[in-house]
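Have a look at the structure below, then the notes.
The values are calculated or read from the model by the stated rules, or taken from the named source; none is laboratory data. All values reported here derive from a predicted model rather than from experimental measurement. Here the Cβ positions follow ideal geometry from the backbone for every residue, glycine too, while neighbour counts run over all protein chains shown. Please note that ligands, DNA and RNA were not included when accessible areas were found on the heavy atoms of the full protein model with its side chains. Shrake-Rupley method; radii C 1.70, N 1.55, O 1.52, S 1.80 Å.
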Amino acid sequence: MSVEAISWALNLAPVPADRGGQSSSACKFVLVGLANHAGPDGTGAFPSVWTLVRYTGLSERTVRTCLDRLQAAGIISPCDPDIVAARIKRADRRPQGWDLDLRLVRGDLDDSGVALRTASLRPAGQRSPQ
């Protein structure tokens, strides 16, 4: 579990829009589920689709569609399959692994908004570089 990746997914990630032009809540929820399994740098998230279904309460089809949309937008990309293989020995039990691009930030935030949000993600007592 990565607090950094989860905070990014909740606050900064540029989630694809739904038909109404708003950020897709389904895709955001799937992204948070992935972030829950990622490392602090956003890499190596490999929950199964069924785990994401359980987290989100969405249908399997909706979860798969969100994964496709997140990948098409460049927010997630397939991770090295050897990382998943090292943790899950049985090949028939290995889910797709994903890396999250934590460098991406929503377009509606200006530099001060990003700075405020990233400052709130730093551990207590850690100062920003000056």
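Here are the numbers for the structure shown:
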item: Contour minus Cα-Cα distance for ASP92 and GLN71 (0.36 nm per residue); result: 5.3 nm
item: Carbon and sulfur %, accessible surface of segment 1-93 computed with the full protein complex present, 1.4 Å; result: 52 percent
item: Mean accessible surface per residue for segment 3-77, computed with a 1.4 Å probe while every protein chain stays in place, in Å²; result: 48 Å²
item: Highest to lowest packing among 84-96, 11-23, 66-78, scored as the average C-beta count within 10 Å; result: 66-78, 11-23, 84-96
item: Spin-label model distance (nm) - GLU60 vs ALA85, 7 Å beyond Cα toward Cβ; result: 2.6 nm
item: Sequence-distant residues sharing a close amide H with ALA17 (under 5 Å, placed H); result: SER24
item: For TRP98, distant residues with modelled amide H under 5 Å away; result: GLY44, ALA45, PHE46, CYS79
item: Nitroxide proxy distance, nm - points 7 Å out along Cα→Cβ at ARG19 and VAL3; result: 4.0 nm
